[in-house]
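A.B. asks: This is the structure, below, for whatever I ask next.
The values are calculated or read from the model by the stated rules, or taken from the named source; none is laboratory data. Note that the coordinates shown come from a computational prediction; the quantities given were computed from them, not determined experimentally. For neighbour counting, all protein chains shown are included, and Cβ atoms are generated from backbone atoms with ideal geometry for every residue, glycine included. Protein only, heavy atoms only, side chains kept; ligands, DNA and RNA dropped before computing areas. Shrake-Rupley method; radii C 1.70, N 1.55, O 1.52, S 1.80 Å.
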Amino acid sequence: MSRHPVLHRHADLADASRALADWVATRLRSALERQERASVALPGGSTPGPFLAALAKQDLPWKRITLLPTDERFVPADHPRSNERMMRAALEPALRAGAEWLSFASVEPGLSPEAFAQQLADQVARLLPLDVVVCGMGEDGHIASLFPGEPQARLDPNVPCIVPAFPIGLEPRISLSAMALREAGEAALLFSGKEKSTVFVEAVRLGDKPVTLLLAKRRRLHVFFAERT
């Protein structure tokens, strides 16, 4: 039985973002007391922007921390649909202070999503288990690029830590695997609005959405919920 999530309710996204940044910073400090380096996987998109900016301003030994996205569209880093440019801009103070950035952006022309995922898995594997994972959630209950009904959203210990995803009607994606997300030392979720709150509550009740992959027996999922954006 997975442990029940811990809900951190906030009036707006700005407050939730600051609270989540403090929470992540505390977990990273704790990890660095036990080991030389720490890792944190972070969400892209518009909602996490204030959180990423708040995290980058934290007083942390950034040279000992690796930052990576939870997922990315299979496009070059300078493509308008890439999340990397926005993420790097928000995280600029941390990167300037020496944080390592592990890019999920495609840079080799002609490489397939499957081949790129395999290459990237070799780099990510050295970080496992990830110390902290933070995800956003779509209105369909997806996290990273693990979508409802897709095979990538199933827990399978034999699947590499990076998987290609092919959502219908969208460009291919590169994503952390279900096992990589589940096995993270600490996990948090950030979303806002009544509709997504309803999606999350129903997903936990029914266990039928990828977001429930973040629920685990050995640790609690911390949910940072903003009533409004």
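A.B. asks: In a shell of Cβ-Cβ distance under 14 Å around A97, excluding A97 itself, what net charge do Lys and Arg (+1) and Asp and Glu (-1) give?
C.D. replies: Working: positive: K57, K63, R64, R88, R96; negative: D59, E92, E100.
My count for the surroundings of A97 gives +2.
A.B. asks: Turning to a different aspect of this structure: With a 10 Å cut-off between alpha carbons and a GNM built on the chain, which of T70, T198, T47 moves the most?
C.D. replies: T198
A.B. asks: Take every DSSP beta bridge with both residues inside the chain and express the antiparallel ones as a percent of the total, to the nearest 5.
C.D. replies: Numbers: 8 of 34 bridges.
Roughly 25 percent of the DSSP beta bridges within the chain come out antiparallel.
A.B. asks: For the modelled label position 7 Å from the Cα of E36 along Cα-to-Cβ, which residues of the range 92-115 have backbone nitrogen atoms closer than 16 Å?
C.D. replies: 100
A.B. asks: I've got another one for you. Can you give the calculated 222 nm mean residue ellipticity of the chain, where each DSSP H run of n ≥ 4 adds -39,500 (n - 2.57) and the sum is split over every residue, rounded to the nearest 500 deg cm²/dmol? Could you put the intermediate results ahead of the total?
C.D. replies: Values: 7 runs with 72 residues, N = 229.
Result for the chain: -9500 deg cm²/dmol, rounded to the nearest 500.
A.B. asks: While we're looking at this one, here's another question. Rg to Rh ratio, the range 67-126, alpha-carbon atoms and Kirkwood radius?
C.D. replies: Numbers: Rg = 11.9 Å, Rh = 12.3 Å.
When Rh is taken as the Kirkwood radius, the ratio is 0.97.
A.B. asks: How large are Rg and Dmax for the range 104-161 when only the alpha carbon atoms are used, in Å?
C.D. replies: Just the Cα atoms of the range 104-161 yield Rg and Dmax of 13.1, 33 Å.
A.B. asks: When the gyration tensor of the range 129-192 is built from Cα positions, what are the square roots of 5 times its three eigenvalues, in whole Å, from largest to smallest? Walk me through the numbers on the way to the answer.
C.D. replies: Numbers: eigenvalues 67, 50, 17 Å².
For the range 129-192, the ellipsoid semi-axes come out as 18, 16, 9 Å.
A.B. asks: Give the accessible surface of the range 150-214 per residue, rounded to a whole number of Å², with probe radius 1.4 Å and ligands, DNA and RNA excluded.
C.D. replies: Working: 2960 Å² over 65 residues.
On a per-residue basis, 46 Å².
A.B. asks: State the Cα centre-to-centre distance between the range 71-117 and the range 184-229 in whole Å.
C.D. replies: About 25 Å separates the Cα centre of the range 71-117 from the one of the range 184-229.
A.B. asks: Right, here's the next one. How much accessible area per residue does the range 8-113 have, in Å², with a 1.4 Å probe?
C.D. replies: Details: 4730 Å² over 106 residues.
On a per-residue basis, 45 Å².
A.B. asks: Given the peptides 36-45, 106-115, arrange them by the average over their residues of other C-beta atoms within 10 Å, most packed first. Before the final figure, lay out each step's value.
C.D. replies: Details: 36-45: 19.9, 106-115: 11.7.
Most protected by this proxy first, the peptides run 36-45, 106-115.
A.B. asks: In bins 5 Å wide, starting from 0, what share of all Cα pairs of the chain does each bin hold, as a percent?
C.D. replies: Each 5 Å bin holds this share of Cα pairs: 1, 7, 15, 20, 22, 18, 12, 4, 1, 0.
A.B. asks: List the extent of the Cα atoms of the range 114-229 along each of their three principal axes, largest first, rounded to whole Å.
C.D. replies: Over the range 114-229, Cα extents along the principal axes are 40, 35, 26 Å.
A.B. asks: To continue, here is another question. Over all directions, what mean area does the Cα convex hull of the range 1-104 project, stated in square nanometres?
C.D. replies: Values: hull surface 31.6 nm².
Its average projected convex-hull area is 7.9 nm².
A.B. asks: Among residues other than D15 whose Cβ falls under 12 Å from its Cβ, what is the net charge (Lys/Arg +1, Asp/Glu -1)?
C.D. replies: On the way: positive: R9, R18, R228; negative: D12, D22, E227.
Taking every Cβ under 12 Å from that of D15, the sum is 0.
A.B. asks: Another question, then. Calculate how many DSSP beta bridges within the range 96-229 are antiparallel, expressed in % of all such bridges and rounded to the nearest 5. Before the final figure, lay out the partial values.
C.D. replies: Values: 5 of 16 bridges.
Here the share of antiparallel DSSP bridges comes out near 30 percent.
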